[in-house]
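The values are calculated or read from the model by the stated rules, or taken from the named source; none is laboratory data. In this text, all values refer to a predicted model and were calculated from it rather than measured experimentally. Cβ: placed from backbone, ideal geometry, glycine included. Neighbour counts: every protein chain shown.
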Amino acid sequence: MELTEITSLVRDNIRSLAPYSTARDEYDGPLGTYLDANENPFDNGHNRYPDPHQRRLKAVLSRVKGVPVENIFVGNGSDEAIDLVYRIFCEPGRDNVVSVAPSYGMYKVAAAINNVGFREVMLGEGYSFDREAMLAASDGNTKLAFLCSPNNPTGNLLDPAQVERFIREFPGITVLDEAYIDFAAHPGFLPRLGEFPRLVVLQTLSKAWGMAGLRLGLAFASPEIITFMSRVKYPYNINGPTQETVASLLESGVETRTATITGEREKLLARLAQMPAVEEVFPSDANFVLIRTPHPKALYNELIASGVIVRDRSGVPGCAGCLRITVGTPAQNKKLIGLLENFGNKTTAI
Ligand SMILES: *Cc1c(COP(=O)(O)O)cnc(C)c1O
């Protein structure tokens, strides 16, 4: 059998997998008398299994995102999609992946869980994407490359021209995590998905869409990749209430809130740049800002003492002295600014 470019990258056992077929797969007609799934027949709103194919939800997502349903996978958070691409493409104990660093911690955790080698390539000057270093770090067993743009925790968009060249040049699957793309002044790669058969774009409803509690992550890719993801996932990976709530919340847009957050981010960046307690403010295309301070632990503790929790990234290689601060409501940001100013006055007085 002739293998396609995608199937030649897929693990042998996954390529030959006969997926679990659910009882509901065989019947597609109008409302029936369901005696096929050993459910409880008495209606309490939740007694039936949810749609394993998430048809209604995907139809809404398709409209909102402008992407055909056959290019969409929905998971229990982006983390499910991240774990799935490892399980589909990486042979444990043999294969490896490359990733930009510093970046989102789940890529590395999923590698460790799946016993897959994890090669980190540090971002360059100004946290820029070093395409050539990423390619140089990969070999014949490098199945996946993780890019995150805008990147967490640095906040910057990776140069789209470099990302595009990388996707074309890297022979494995590029996983481009666009969790924060709604906050960036760039459309990302979803509108051009069709040009890149080996690209998986990850997005999430946890950030701009404000649905972190519902757990819904999105993966967009060629139908061939999506088919493998759908075969390997748990049949009922998205529960009924989540499918329904997400489908209805997607109907009311979030543009106004997103604009408020990016506006607040710009104000925050400008204020932070003037503060004595802050040594460096990194540009941000996301809903958070990364700052470098001479006293990260002391500042972190000072904020905690006032009930303001930020993320201490000072122990992460490439982020020495850095705290990551999520953009909050105008009132929350004002409180943060007040505390930082206070701290600056104290430390400069020492
Ligand atoms: C927050 C975040 C996600 C979202 O994860 P979910 O599991 O969908 O909530 C994905 N990637 C990055 C880089 C993130 O920062």
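Taking each residue of the range 72-91 that is more than 25 Å from Gly194 (Cβ to Cβ) and looking for partners that are within 8 Å of the ligand (Cβ to nearest atom) with beta-carbon atoms closer than 6 Å, six or more apart or interchain, yields Asn76/Arg215; Gly77/Arg215; Gly77/Gly217; Asp79/Met106.
Of note, Val109 satisfies the criterion of being within 16 Å of the ligand (Cβ to nearest atom), of a type in the set (A, V, I, L, M, F, W, C), assigned to a helix (DSSP H, G or I) and surrounded by fewer than 20 Cβ atoms within 10 Å (Cβ to Cβ).
Residue pairs whose Cβ atoms lie under 7 Å apart, sitting 6 or more positions apart in sequence or on different chains, and linking a residue in the range 41-52 that is under 17 Å from Pro235 (Cα atoms) to a partner that is polar (S, T, N, Q), are Asn47/Asn40; Pro50/Asn239; Pro50/Gln243; Asp51/Gln243; Pro52/Thr22. Only a single criterion out of (1) within 17 Å of Phe228 (Cα to Cα); (2) within 16 Å of the ligand (Cβ to nearest atom) is not satisfied by Asn13, namely (2). Has the range 198-209 got at least one residue that is more than 15 Å from the ligand (Cβ to nearest atom) and buried (at least 18 other Cβ atoms within 10 Å of the Cβ)? Yes: one or more hits. When the range 25-67 is limited to residues that are farther than 17 Å from Ser248 by Cα and in a helix (DSSP H, G or I), the one that is modelled with the highest pLDDT turns out to be Asp25.
For the range 229-241, the criterion of a residue being within 14 Å of the ligand (Cβ to nearest atom), outside any loop (DSSP other than H, G, I, E, B), under 23 Å from Asp25 (Cα atoms) and of a type in the set (A, V, I, L, M, F, W, C) is satisfied by no position. Just name the residue that is nearest to Ile82 (Cα to Cα) out of those in the range 119-148 that are part of a helix (DSSP H, G or I) and touching a residue at least 12 places away in the same chain (Cβ under 8 Å). The residue in question is Met134.
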